[in-house]
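All of the numbers you see were taken from the coordinates with simple rules; none came from a lab. All values reported here derive from a predicted model rather than from experimental measurement. Methodologically, a virtual Cβ is constructed for each residue, glycine included, from the backbone with ideal geometry; neighbour enumeration extends over all protein chains shown.
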Amino acid sequence: MKKIFCFLAVFSMSFLPGHCADFRFVQVDGALYNSSEPKKFENLVQKINAEKDVEFVVFTGNNIHKPSTAELKDFLKKAKKLKRPFYVVLGQKDVNRKKGLSKKEYIKIVRKNNPTHKMIYSPNYTFSKKGILFIVADGSKEV
């Protein structure tokens, strides 16, 4: 049986008193959603939903088990059950042009299936929350 690495972290951002409100977000690294084992991911979503005062979630790569349109759509369908906005960052296992899922297609599917990404047209993008700018830089290869 393959082991799935999942890193779940809750961060609290606090800088200078009075200059920036505290806020929390969740980073999930290596979720590796697998459509043949959806319960693992569903449990992760439930744990995130149980967290208090979380502003948003960032999936920071290696989000799906195999680079396929069906797997990505299923991942996004399950991720939509989060009770807060979520952002998706490409990982090295998420795209493979030879297997039919290019970066361009990946981003197109994410935009179509995730309201948070409606205006994101590239794997490199920025977003801001409460005066803090987050920079997403693509480091994946399309081999």
Listed by chain and number, the aspartates and glutamates with an alpha carbon less than 14 angstrom from that of residue 99, same-chain partners under 8 positions apart left out, are 71, 142
Cα-based Debye curve of the range 10-143 sampled at q = 0.13, 0.20 Å⁻¹ gives log₁₀ I(q)/I(0) of -0.54, -1.20
Averaging 1/r across every pair of distinct alpha carbons in the range 70-143 and inverting yields a Kirkwood hydrodynamic radius, in angstrom, of 13.0
Per the 1/(1 + (r/R0)^6) rule, R0 = 35 Å and r from the Cβ atoms of residue 22 and residue 104, FRET efficiency to 0.05 is 0.40
So for R0 = 25 Å, FRET eff. of residue 137-residue 51 from the Cβ-Cβ r, to 0.05, ends up at 0.45
Of 43-49, 92-98, 115-121, ordering from highest average Cβ density within 10 Å down gives 92-98, 43-49, 115-121
Looking only at lysines whose Cα falls under 24 Å of residue 104's and that sit 8 or more positions away or on another chain, we get 66, 73, 77, 78, 80, 93, 112, 118, 141
Rounded to the nearest 5, the percent of antiparallel DSSP beta bridges in the range 40-143 equals 60
Gyration tensor on Cα atoms of the range 24-71, a ≥ b ≥ c root eigenvalues, a/c under 1.5 rounded, else prolate if a/b beats b/c, else oblate, says oblate
Note to self: C-alpha centroids of the range 18-82 and the range 120-143 sit apart, in Å, by 16
